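A short worksheet on the structure shown next.
The values are calculated or read from the model by the stated rules, or taken from the named source; none is laboratory data. Worth saying up front: this structure is predicted, and the values here are computed from it rather than measured. In this analysis, Cβ positions are derived from the backbone assuming ideal geometry, glycine residues included, and neighbour counts consider all displayed protein chains. Heads up: the accessible areas ignore ligands, DNA and RNA and are worked out on the full protein's heavy atoms, side chains in. Shrake-Rupley method; radii C 1.70, N 1.55, O 1.52, S 1.80 Å.
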Amino acid sequence: MARIIVVGGTGHVGSRVVEKLTAHGHDAVAASRRTGVDAYTGAGLTEALAGADVVVDTTQAPSYVPDEVREYFATSTANLVAAEQAAGVRHHVALTIVGTDRPQGIGYFHGKAEQERVVRESGVPYSLVHATQFFEFTPAIIGTAAHGDTVRVSSASIQPIAAEDVATAVARIAAGEHVGDVEIAGPEVLAIGDLVRRTLAAQGHGREVVTADDAPYFGARIEDRTLVAVDGAQIFGTRLEDWLAAQAA
């Protein structure tokens with residue numbers, strides 16, 4: 001069994017990854033600012049990575065300002081891979097996003113693309129797990145698109161995935177050999193408007209949902225399939241109706 005350090009391991013996805021790896025007998029350790037490890041400053045990295053076989057990066061930038069996101073991921077990832085090289089880590093796994101390599105103007109995506117570049121150029125064997133948008137992001141989509149009682153969203157498509165399924169995918173890949181780039185997604189391609197309408201209805205909200213080609217997605221215009229996985233992606237089973245039922249329960 002491997003010693004696997006999950007950076008960001010006390011977060012929403014990272015904590016689930018630690019649980020799944022531990023359940024399968026791995027020595028999985030959560031590393032985060034809460035445990036004295038800061039990938040951005042480099043504090044605690046040397047000690048945390050000692051003896052590690054695999055490092056999993058599930059960190060999130062603390063800001064959504066484009067330049068700050070890019071700086072965070074460039075610096076934190078460079079610190080991580082340098083510490084991994086010194087420690088003899090044999091596999092770097094990073095959770096990233098579907099769509100970073102497609103036309104879009106989303107600042108956070110551009111920061112994740114910088115993270116991917118640093119990993120690819122590091123020389124450490126890697127797996128970049130590109131996930132479609134989480135179901136758990138739906139409230140944020142609604143919040144950024146709401147104008148009074150109206151929610152105006154892009155007419156583009158989306159292929160949402162549950163955070164639990166993302167954690168399963170990341171844990172499986174961390175426990176195996178490096179695979180390069182892989183995409184993971186939920187089973188349904190939906191219109192963003194449909195996702196929002198069904199979520200609001202399940203929550204008992206009566207807001208009107210309006211769709212338009214030029215409506216922004218987190219401040220940027222996207223194309224129809226920017227947020228949809230490519231052919232050959234790993235598809236997980238949680239559907240929107242399943243996720244909504246779980247939230248209600």
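Okay, here's what the table says:
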{"read-out": "Neighbours by Cβ (under 7 Å, 6+ apart or cross-chain): first from the range 14-27, in a helix (DSSP H, G or I); second open to solvent by 60 Å² or more (accessible area, probe 1.4 Å)", "value": "R16/E164"}
{"read-out": "Any hit, the range 139-162, residues being under 21 Å from L21 (Cα atoms), among the aliphatic types (A, V, I, L, M), open to solvent by less than 30 Å² (accessible area, probe 1.4 Å) and touching a helix residue (DSSP H, G or I) at 6+ places or on another chain (Cβ under 8 Å)", "value": "yes"}
{"read-out": "Cβ pairs under 7 Å, 6+ apart, first in the range 119-130 and over 17 Å from R70 (Cβ atoms), second open to solvent by 50 Å² or more (accessible area, probe 1.4 Å) and part of a loop (DSSP other than H, G, I, E, B)", "value": "P125/R90; P125/H178; Y126/H178; S127/H178; S127/V179"}
{"read-out": "Subset of the range 77-110 (residues that are open to solvent by less than 10 Å² (accessible area, probe 1.4 Å), in contact (Cβ under 8 Å) with a residue 40 or more places away in the chain, under 14 Å from the mean Cα position of the chain (by Cα) and within 20 Å of L45 (Cβ to Cβ))", "value": "V93"}
{"read-out": "Selected residue (criterion: nearest to V230 (Cα to Cα)) from residues of the range 192-207 that are open to solvent by 10 Å² or more (accessible area, probe 1.4 Å) and touching a strand residue (DSSP E or B) at 6+ places or on another chain (Cβ under 6 Å)", "value": "R197"}
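One line per residue, one yes/no per condition, for (1) touching a residue at least 24 places away in the same chain (Cβ under 8 Å); (2) in a strand (DSSP E or B):
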| position | (1), (2) |
| --- | --- |
| G193 | yes, no |
| R198 | yes, no |
| A201 | no, no |
| G204 | no, no |
| V210 | yes, yes |
| R225 | yes, no |
| A229 | yes, no |
| G232 | yes, no |
